[in-house]
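Encoded as structure tokens, the structure appears first; notes follow it.
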Amino acid sequence: MRITAIAAFDDNYIWAIQPAKHPHQVVLVDPGAAAPCQQWLAQQQCQLAAILVTHHHWDHTDGIAELVAQWQCPVYGPATSPFSGITEPLQHGDTLRLGELDIQLQVLATPGHTLDHISYVGHDALFCGDTLFLAGCGRMFEGSPEQFHQSLRLFTELPAATSVYAAHEYSLANLRFAAAAMPDNQAVRDAQQRVQQLREQGLPSLPSRLADELAINPFLRAQSVAEFRRLREWKDRF
Ligand SMILES: [Zn+2]
């Protein structure tokens, strides 16, 4: 399958999944804005087959009503979400099967950034919304440090080759924090160079790879709830 970033707002990425066998049937993840999606679908001569939601925040959901009005597609998302546009509710342990598209994704409950947050994993890809970023993690708006730490532990058990499709381009700022938190970490400095070059060319720094995140992401590397809490509080003031 092919996965492309559609840029929205200042730093959001809406991920467009094109199944290998049906590349003109697209699945969108977290379409917070309809216009860039409609434009991309028209350019690629694609139809929208389904929408996946990770959590209720407006910058992940505000485009959905307009897209559904045009495409009449199902909207998959967390069963516990305050967002009212979900037609196919999902919870931890569910398998999302889009049979005709040959797409199969496992659903992980990943509360912390919000309480309703879920992530989707399959086909060597992780769609983690605002739970995990390149070298960072989302702000803890609704969950507890215990919940957030546990959510990140789930990610560490996935195959290291998994590509990480996070929803925001926060990579350079996150890497500056990672360098402060782990001053002796050479992998962080290497990632800073790599990301800087991509950004200078106007390219997304994402997807990241889980193997890299296990080396450079201080939040993913936190060994305890207390360490996670200390890092999250430090980053909020950084
Ligand atoms: Zn969010």
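The values are calculated or read from the model by the stated rules, or taken from the named source; none is laboratory data. Please read these numbers as outputs of a predicted model, since none were measured by experiment. All Cβ positions, even for glycine, are placed from backbone atoms using ideal geometry, and neighbour counts span all protein chains on display. We work out accessible area using only protein heavy atoms, side chains counted, and drop any ligands, DNA or RNA first. Shrake-Rupley method; radii C 1.70, N 1.55, O 1.52, S 1.80 Å.
Side notes on the structure shown:
- Applying a threshold of 8 Å to beta carbon distances and a minimum spacing of six or more residues, or different chains, the list of pairs starting in the range 159-175 at a residue that is of a type in the set (Val, Ile, Thr) and ending at one that is within 14 Å of the ligand (Cβ to nearest atom) reads Val164/Cys128; Val164/Leu132.
- Of all residues making up the range 48-74, the number that are assigned to a loop (DSSP other than H, G, I, E, B), open to solvent by 30 Å² or more (accessible area, probe 1.4 Å) and either closer than 20 Å to His113 by Cα or within 12 Å of the ligand (Cβ to nearest atom) (or both): 3
- Some residue of the range 141-161 being within 16 Å of the ligand (Cβ to nearest atom), under 27 Å from Pro23 (Cβ atoms) and not charged (D, E, K, R): no
- Among residues of the range 75-105, those that are assigned to a loop (DSSP other than H, G, I, E, B) and either within 11 Å of Ile51 (Cβ to Cβ) or touching a residue at least 24 places away in the same chain (Cβ under 8 Å) (or both), counted: 10
- Here the range 5-32 is the region considered, the condition is being in a loop (DSSP other than H, G, I, E, B) and within 15 Å of Glu169 (Cβ to Cβ), and the residue that is most open to solvent (accessible area, probe 1.4 Å) is Asp10.
- Among residues of the range 139-151 that are in contact (Cβ under 8 Å) with a residue 60 or more places away in the chain and at positive phi, none has a beta-carbon under 8 Å from a residue that is within 12 Å of the ligand (Cβ to nearest atom) and of a type outside the set (Lys, Arg) at least six positions away or on a different chain.
- Those residues of the range 112-131 which are of a type outside the set (S, T, N, Q) and within 12 Å of the ligand (Cβ to nearest atom), in sequence order: Gly112, His113, Leu115, Asp116, His117, Cys128, Gly129, Asp130
- Per-region count, the range 123-163, residues under 13 Å from the mean Cα position of the chain (by Cα) and surrounded by fewer than 23 Cβ atoms within 10 Å (Cβ to Cβ): 4
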